[in-house]
Amino acid sequence: MTARWFYLLVGLAALAAGTALWLGTRPPAVGPVPARPMIVAPSIGAAALYATAFVDLDGRPQTLGQFQGQVVVLNFWATWCAPCREEMPAFARIQSRWAGRGVQFVGVSAEDASQVARFAREVGVNYPLWVGVVASELSRRLGNATGVLPHSAILDGSGRVLEQKVGPYNEAELEHKLQAFAAKSR
């Protein structure tokens, strides 16, 4: 074997060893994340949640405290959000069915009250729609780490988050959730 072949083989062995070392010490590759609900612990206490100030469409101050003792479906939405607009008629139907059973829907938006009022008239929303600059921050503190709309949080009568969801609910899904929460509270 000539020196030339010897050095070529040593070089190839060194290259192979270096490649193996590099591959063996790399962090694992991150592939696509499977779809699953994002679980983020809420970072707001019940007292602060119930005291958060909003304004209704008539300009009057409102807080969630008036619904303490009831299950609240708190929906963060916007007039420009297509999935928000699609789920709101179902929310209105569910509100009609569950109003006498201690469930209250409340929609909150960071938009101008006149835009929200116009939308409410067009769609026929039968539950309170409030506005406030705190809507986005409250949504984040209730688990919406990405800031995506729609975002809904279902609160028990003491202000504890039973469930939060980023993205739209369909009517049957939300009806099922409310039935399950009602059964647990008996």
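The set of residues in the range 96-115 that are within 20 Å of the chain's Cα centre (by Cα) and either assigned to a helix (DSSP H, G or I) or not aromatic (F, W, Y) (or both) comprises V103, Q104, V106, G107, V108, S109, A110, E111. Within the range 83-109, if we keep just the residues that are modelled with pLDDT of 95 or more and of a type in the set (G, A, S), the residue that is most open to solvent (accessible area, probe 1.4 Å) turns out to be S96.
Entry remark, the range 170-186: residues being touching a helix residue (DSSP H, G or I) at 6+ places or on another chain (Cβ under 8 Å) and modelled with pLDDT of 90 or more number 5 in total. Here V71 passes the criteria (1) among the aliphatic types (A, V, I, L, M); (2) farther than 20 Å from K177 by Cα; (3) surrounded by 13 or more Cβ atoms within 10 Å (Cβ to Cβ) except the one numbered (2). Going by what's in this entry, would L174 be described as open to solvent by less than 60 Å² (accessible area, probe 1.4 Å), touching a residue at least 12 places away in the same chain (Cβ under 8 Å), on the phi < 0 side of the Ramachandran plot and not in a helix (DSSP H, G or I)? In short, no. Return the residues of the range 121-163 that are open to solvent by 20 Å² or more (accessible area, probe 1.4 Å) and either part of a helix (DSSP H, G or I) or among the aromatic types (F, W, Y) (or both); say none if nothing qualifies. Correct list: R121, E122, V123, S136, E137, R140, R141.
The values are calculated or read from the model by the stated rules, or taken from the named source; none is laboratory data. Bear in mind that the values here come from a model prediction, so they are computed numbers and not experimental data. Virtual Cβ from ideal backbone geometry, glycine too; neighbours counted across all protein chains shown. With ligands, DNA and RNA removed, areas are computed over all heavy atoms of the protein, side chains included. Shrake-Rupley method; radii C 1.70, N 1.55, O 1.52, S 1.80 Å.
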